[in-house]
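Structure, as structure tokens:
The values are calculated or read from the model by the stated rules, or taken from the named source; none is laboratory data. Fair warning: this is a prediction, and the values are worked out from it, not measured in the lab. FYI the Cβ positions are ideal-geometry reconstructions off the backbone, even for glycines, and counts take in every protein chain you see. For accessibility, only protein heavy atoms count, side chains too; no ligands or nucleic acids. Shrake-Rupley method; radii C 1.70, N 1.55, O 1.52, S 1.80 Å.
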Amino acid sequence: MTRTLVVAGHGMTGHRLADRLRALDTARDWRVVILAEEPHPAYDRMALSTYLAGRSRAELTLVEQDFLADPRVELRLASPVVQADRAARTVVTGGGDRIRYDALVLATGSRPFVPPVPGRDLAHCFVYRTFEDLDAIRRTVRPGGRGVVVGGGLLGLEAAHALSRLGVLPHVVETAPHLMPAQLDAEAAEVLHRHAAGIGLRLHCGTAVAHVHARSDGTVRAVTLADGTTLDADLVVFAAGIRPRDELAGPLDLARGERGGFLVDAHCRTADRHIWAIGECAAVQGRCHGLVAPGYAMAESVAAQLTGRDAAPFEGAGGATTLKLLGVHVATFGTTVHPGHLRPVEVAFADGTARYAKIFLRPDTGSLLGGILAGDTGSRSLLGSFVGRRPPADLEQLLLP
């Protein structure tokens, strides 16, 4: 008998789950109903800035025609889950449709975090999350205008760079002492800072937005920072992080993680054996992961479980990130965050502020744990191959060739 899988959400992770289930379900046991919040099929949110640069929505879509034509898949756009009943195993959509499930996968993603500052609701204040957000930004910007981006992480820097390409003079405000605090140490961030300033970004680290001021017509006029600085601005883009979309935890009577998200075990299972959660909304053993790679790993695991295959437990976000941002490479490999009981030996190499590398070594064996790279450094894949072993004698030359 065909069973029904309901997927709540059709972002990158929800789509990966549905697509993998199609491939693994050779017995054709499952019918998949995808309830999407947005009015478009899943798209590459990681490349969203290229939409402002001229790529079309169709070029960013992740959904192939054979997926849409598959009789096993029903994709309902602009039809989010708003209510659910565990006992009856049903969900209710925003349009009032009630759908019964044999398995429910929560892939509701996250929402942008907007700090509670006065003026955050003014016209020309935006977030940076969807096609509609970017369309609104594009309608507002004018060459020579001034913008303020709140957040100096990956998304904030991408937003600032996109504004710069549209002719806006962008300021970036980051509460941490340096850019990309979740990935980089201060020295690696200094390399990035130098490049960012070199392409015209005005950087304000170690402070926060205190107030957004309005013109007489209700649009943005200026931003005051916590350090007293006032910046003229025509628009503000909030890119200061995300929060898991876990509103269905209440109706489903499911536990949340300490910092939000549906609490799941290492196999992405909730306390209800019929319900899983994956992606940014999932607090795997209490921790949410905000990158797409761990979301894909969760999707692969759940697809395997639903088709009766062995699935390895999710063990974390993985140890490698490589980005080319603002014209400069930044990367991490191996393990760069260490629990308190393990104090690694840290060794740093620098070439002024042009390039930088830091490695972490086990204090007992000298084996390589991981590293941080910024600028024109050595091969990330080659360096990553040494993780778990003592590094070679020519490590400095490999790091800074």
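Once backbone amide H atoms are built at 1.01 Å from N, GLN83 has VAL92 as its partners under 5 Å, excluding neighbours fewer than 5 places away on the same chain.
When +1 charges are put on Lys and Arg Cβ atoms and -1 charges on Asp and Glu Cβ atoms, the dipole computed for the chain relative to its Cα centre reaches about 260 debye. Accessible area per residue for the chain in Å², computed with a 1.4 Å probe and the full protein assembly in place, what is it? On a per-residue basis, the chain sits at 45 Å².
Considering only the stretch 1-76, what is the antiparallel percent among its DSSP beta bridges, to the nearest 5? Provide the component values of the computation, followed by the final result.
Numbers: 1 of 11 bridges.
Around 10 percent antiparallel, to the nearest 5.
In this rough spin-label picture, where each label sits 7 Å from Cα along the Cβ direction, the ALA176-MET46 distance is 1.9 nm. Taken along the Cα-to-beta-carbon direction at a fixed 7 Å, the label points for ARG343 and THR90 span 6.0 nm.
Carbon-plus-sulfur accessible fraction, the chain (probe radius 1.4 Å, protein heavy atoms only): 50%.
Segment ASP70..ARG55, full-extension length gain: 2.7 nm, with 0.36 nm per residue of separation and the alpha-carbon distance subtracted. Of the beta bridges in the chain, as assigned by DSSP with both residues counted there, near 55 percent are antiparallel.
Sparse packing (at most 16 other Cβ atoms within 10 Å of the Cβ) combined with a DSSP loop state is found for the following GluC sites (Glu not before Pro) in the stretch 153-259: GLU247, GLU258.
Using R0 = 30 Å, the C-beta based FRET efficiency linking THR353 and PHE131 works out to 0.20. Distance between the C-alpha centres of the stretch 84-99 and the stretch 157-194: 43 Å, rounded to the whole angstrom. Structural descriptor for the chain: relative contact order 14 percent, calculated from alpha carbon pairs under 8 angstrom and at least 6 residues apart. Stretching ARG362 away from ALA293 to a fully extended chain increases their span by 22.2 nm, per 0.36 nm per residue minus the current alpha-carbon distance. Grab the beta carbon distance between ARG202 and GLN397, set R0 = 45 Å, and tell me the FRET efficiency rounded to 0.05. It comes out at approximately 0.80. Loop-located trypsin sites (Lys or Arg not before Pro) across the stretch 253-308 with a Cβ neighbour count of 15 or fewer within 10 Å are ARG259, ARG273, with loop assigned by DSSP.
Length available on full extension from SER381 to ARG273: 0.36 nm per residue minus the Cα-Cα distance, which gives 35.0 nm. Computed from the C-beta positions of ASP265 and ALA186, the FRET efficiency with R₀ = 35 Å rounds to 0.45.
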